[in-house]
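Asks: So that we are looking at the same thing, I have put the structure below in structure tokens.
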Amino acid sequence: MRKRFILLAAATVCMTALAQSFVHETSATYQWPKEPLVREKLQYWQDLKFGIILHWGVYSVPGMVESWQITSEDWITPDPVRTYEEEKQWYWGLSREFNPTKFNPEQWARVAREAGMKYVVFTTKHHDGFCLWDTKTTDYKVTKSGFAGNEKADALRYVMDAFRGEGLMPGMYFSKPDWHCPYYWWPAKATPNRFHNYKIEDYPERWANYQKYVYDQVEELMTGYGQVDLLWLDGGWCTAPREDIKLGEIVKMARQKQPGLIVVERACPGEFENYQTPEQKIPDHQLLNPWESCITLTNDWGWVPRPKFKSPAKIIATLAEVVAKGGSLLLGVGPTPEGLIEDESVSRLQEIGAWMNVNGEAIYATTTTPFYTNEERSVWFTANKDGKTLYAIIPANDQTGVPDVITWTGNKPVGKVTLLGTKKTQKAVTVGDKTTVTVPGKLKNKNGIVLKFKI
């Protein structure tokens, strides 16, 4: 049975990667927050540049796509044996098997810090409704799961404490839709898609109960788990049928509990979209408002068996492009069902961290420059806030490494060009607007190099 399911889950993961990759685009408009404390914290966040998002829940037990298998949308491959209702009940029943006996959030936080990450977003609850904190609103939670009775059963508390302990800005992912809640998916009716499954205008009291349910859960998160700087809201789609959860009231309460809270409303552009979140992609041009690309280390958000990893060089290249275009990178890593970040993830993150230790000056607290790449898009430029210093980030290609000769147009160096991590001055030749730099092979880092110069 497990082997059959893993094969099905693998197929579903592939479909999900295709169907979900571009769900969250960059919205056409952006509204700067009005509250001074929010703007101040947002400015601080923009300097961090590199964070980690952790998807972990009942879906980690078999290693399958998070939540989506229990929808009945056309792009989902149904189980060949179970009925749809049996599939939902099986999925929700995974909470009884959720027992991360090696749960080690301190390892997660240490690995993130060593990778050079500066903030965290942790999935407190995905769309399936499983709560990773000891909520009073439902029994579908970690403290009623197979992990019940463990001294760390209130998992969120230990995750947040661990990441704060390593100095990362703490953030919480929260799904606005909750497919397990009877006020969202009414059991008396079919569940044909991701939306609530009844007409709100026909059952206003039922929807009012759902609004209270969401409010109460967010209030628990904002009051019981220490300092929170980011509230990362997913789902709750604003196209028809509209799902009004009275977000204004929720945010007002949340900011009373957590002054300056950054709210990331992914689905509905407007006053609570404090920064934008293109998913599994990078915008094709520079954006000057706050934004973040959320992209996975493997092809999946959560842990899956036999994942396909991206190389450290690929992640570094992604980070360089994102920062040069004015954004931050939120890298998705899925802890195992036992509660660890697996060895292969650790080794790749450590390799990224080693590169950041040498070259982080070109990433953290930088700003954009109008000439942010070359024609081949093999060089990405960031700027020091002194207004005089530029960094040319040359990521390695997985096949060809770092080129011997690097060229770009614009951003003409004045004086010496140095290679970060060394005291070596590199010869730069500028003819007209074109600059050429030759870097000896023995000085190259296999994951990329950074040149520093004045303009």
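The values are calculated or read from the model by the stated rules, or taken from the named source; none is laboratory data. Here the structure is a predicted model, which is why all the values come from computation and not from measurement. All Cβ positions, even for glycine, are placed from backbone atoms using ideal geometry, and neighbour counts span all protein chains on display. Ligands, DNA and RNA are excluded from the accessible area calculation, which covers all protein heavy atoms including side chains. Shrake-Rupley method; radii C 1.70, N 1.55, O 1.52, S 1.80 Å.
Asks: Against the empirical 2.2 N^0.38 Å scaling, what ratio does the C-alpha Rg of region 378-455 come to?
Replies: Details: Rg = 11.8 Å, N = 78, 2.2 N^0.38 = 11.5 Å.
Compared with the compact-globule rule of thumb, region 378-455 sits at 1.03.
Asks: So, one more: List the chymotrypsin sites (Phe, Trp or Tyr not before Pro) within region 18-106 that DSSP assigns to loop and that have no more than 12 neighbouring Cβ atoms inside 10 Å. Let's see the in-between values first.
Replies: Numbers: sites: 22, 30, 44, 45, 50, 56, 59, 68, 75, 84, 90, 91, 92, 98, 103; in loops: 22, 30, 56, 75, 98, 103.
Answer by residue number: 22, 75.
Asks: Restricting to DSSP H runs of at least four residues, report the calculated mean residue ellipticity at 222 nm for the chain, -39500 (n - 2.57) per run over all residues, nearest 500 deg cm²/dmol. Kindly include the intermediate steps, with their values, before the conclusion.
Replies: Numbers: 9 runs with 123 residues, N = 455.
So the calculated ellipticity at 222 nm is -8500 deg cm²/dmol.
Asks: To continue, here is another question. Expressed as cubic angstrom per residue, what is the convex hull volume of the alpha carbon set of region 287-342? The partial results should precede the final answer.
Replies: Details: hull volume 4.2 nm³, N = 56.
Normalising the Cα hull of region 287-342 by residue number yields 76 Å³.
Asks: Continuing with this model, one more query. Once label points are set 7 Å from the Cα along Cα→Cβ at both residue 107 and residue 347, what is their separation, rounded to one decimal in nm?
Replies: It works out to 1.6 nm between the two label points.
Asks: Whole number in Å², please: accessible area per residue of the chain, 1.4 Å probe, ligands, DNA and RNA not counted.
Replies: Numbers: 19110 Å² over 455 residues.
About 42 Å² of surface per residue is accessible.
Asks: Identify the GluC sites (Glu not before Pro) of region 137-219 meeting these criteria: DSSP loop state and at most 11 other C-beta atoms within 10 Å of the C-beta. Let's see the in-between values first.
Replies: Details: sites: 151, 166, 201, 205, 219; in loops: 151, 166, 201.
Taking region 137-219 and a limit of 11 other Cβ atoms within 10 Å, the loop GluC sites (Glu not before Pro) found are 151, 201.
Asks: Same structure, new question: Percent of accessible area on the chain owned by carbon and sulfur, 1.4 Å probe? All intermediate terms of the calculation are to be shown ahead of the outcome.
Replies: Values: 9750 of 19110 Å².
Here carbon and sulfur together make up 51 percent of the probe-accessible area.
Asks: Next question, about the same structure. What are the ³J(HN,Hα) values, in whole Hz, obtained from phi via the Karplus relation 6.51 cos²θ - 1.76 cosθ + 1.60 with θ = phi - 60°, for each residue of region 379-384 in sequence order, with x given for Gly and Pro?
Replies: 10, 10, 9, 10, 10, 6
Asks: Which shape class, rounded, prolate or oblate, goes with region 262-356 when its Cα gyration tensor gives a ≥ b ≥ c as root eigenvalues, a/c under 1.5 marks rounded, and past that a/b bigger than b/c marks prolate?
Replies: Numbers: a/c = 2.44, a/b = 1.51, b/c = 1.61.
Cα axes put region 262-356 in the oblate bin.
Asks: Can you list residues whose amide H is under 5 Å from residue 328's amide H, if they're 5+ apart or on another chain and H is modeled 1.01 Å from N?
Replies: So residue 328 has HN proximity to 291, 292, 293.
Asks: Taking a 29 Å limit on the Cα-Cα distance, which of the listed pairs 144/314; 118/452; 152/257; 102/446; 125/246; 257/385 fall beyond it? Write down the numbers at each step before the final one.
Replies: Working: 144/314 40 Å; 118/452 23 Å; 152/257 24 Å; 102/446 34 Å; 125/246 19 Å; 257/385 33 Å.
From 144/314; 118/452; 152/257; 102/446; 125/246; 257/385, over 29 Å: 144/314; 102/446; 257/385.
Asks: Suppose we keep just the alpha-carbon trace of region 155-221; what are its Rg and Dmax in angstrom?
Replies: So, for region 155-221, Rg and Dmax equal 16.0, 49 Å respectively.
Asks: HN-Hα J couplings of region 262-279 from phi, Karplus 6.51/-1.76/1.60, θ = phi - 60°, integer Hz, Gly and Pro as x?
Replies: Residue by residue, region 262-279 yields 7, 10, 10, 8, 6, 8, 10, x, x, 5, 9, 8, 5, 8, 8, 9, x, 10 Hz.
Asks: Here's something else I'd like to know. What's the FRET efficiency of residue 96 with residue 418 using the Cβ-Cβ distance as r and R₀ = 45 Å, to the nearest 0.05?
Replies: Details: r = 58 Å, r/R0 = 1.30.
Efficiency for this residue pair is about 0.15.
Asks: Hey, what's the Cα Rg ratio for region 26-169 versus the globular rule of thumb, 2.2 N^0.38 Å? Provide the component values of the computation, followed by the final result.
Replies: On the way: Rg = 18.2 Å, N = 144, 2.2 N^0.38 = 14.5 Å.
This ratio for region 26-169 stands at 1.25.
Asks: Moving on. Considering the alpha-carbon set of the chain alone, what are its Rg and its Dmax in angstrom?
Replies: Answer for the chain, Rg first and Dmax second: 23.0, 74 Å.
Asks: Which distance in nm do the two modelled labels at residue 386 and residue 28 give, with both placed 7 Å along the Cα-to-Cβ direction?
Replies: If labels sit at residue 386 and residue 28, their model points lie 4.3 nm apart.
Asks: Place a point 7 Å from the Cα of residue 357 along the Cα-to-Cβ direction; which residues of region 158-179 have their backbone N under 19 Å from it?
Replies: From region 158-179, the list is 166-168.
Asks: What residues have an amide H closer than 5 Å to that of residue 234, excluding those fewer than 5 places away on the same chain, when H is modeled at 1.01 Å from N in the peptide plane?
Replies: Amide H to amide H, under 5 Å and 5 or more residues apart or across chains, residue 234 pairs with 174, 175, 176.
Asks: Further question: So what's Rg/Rh here for region 103-258, counting alpha carbon atoms and using the Kirkwood radius for Rh? Write down the numbers at each step before the final one.
Replies: Values: Rg = 16.5 Å, Rh = 16.6 Å.
Ratio of gyration radius to Kirkwood radius: 1.00.
Asks: For residue 43 and residue 244 in the same chain, what is the full-extension length gain: residue separation times 0.36 nm, less their Cα-Cα distance, in nm? Please list the in-between numbers first.
Replies: Numbers: separation 201, 0.36 × 201 = 72.36 nm, distance 2.91 nm.
Stretched fully, the residue 43-residue 244 segment lengthens by 69.5 nm.
Asks: Another question, if that's okay. For residue 73 and residue 409, what does the FRET efficiency come to when R0 = 56 Å and r is the distance between their Cβ atoms, rounded to the nearest 0.05? Please list the in-between numbers first.
Replies: On the way: r = 47 Å, r/R0 = 0.84.
Calculated value: 0.75.
Asks: Tell me which aspartates and glutamates have Cα within less than 19 Å of residue 252's Cα, excluding those fewer than 8 residues away on the same chain?
Replies: 35, 40, 216, 219, 220, 229, 234, 243, 244, 265, 271, 273
Asks: Give, in nm to one decimal, the length gained when the segment between residue 256 and residue 197 is fully stretched (0.36 nm per residue of separation minus the Cα-Cα distance). Please report the intermediate quantities before stating the final value.
Replies: Working: separation 59, 0.36 × 59 = 21.24 nm, distance 3.28 nm.
Additional length available on full extension: 18.0 nm.
Asks: Still on this model: May I ask you to derive the FRET efficiency for residue 83 and residue 189 from their Cβ-Cβ distance with R0 = 22 Å, giving the value to the nearest 0.05?
Replies: On the way: r = 16 Å, r/R0 = 0.74.
Calculated transfer efficiency: 0.85.
Asks: Report ³J(HN,Hα) in whole Hz for each residue of region 38-50, in order, from the Karplus equation J = 6.51 cos²θ - 1.76 cosθ + 1.60 where θ = phi - 60°; Gly and Pro get x.
Replies: 5, 4, 5, 5, 5, 5, 4, 4, 4, 7, 6, 6, 9
Asks: Here's something else I'd like to know. Could you work out how much longer the chain between residue 308 and residue 364 gets when fully extended? Use 0.36 nm per residue separation minus the Cα distance between them, nm to one decimal. Could you put the intermediate results ahead of the total?
Replies: Values: separation 56, 0.36 × 56 = 20.16 nm, distance 2.82 nm.
Stretched fully, the residue 308-residue 364 segment lengthens by 17.3 nm.
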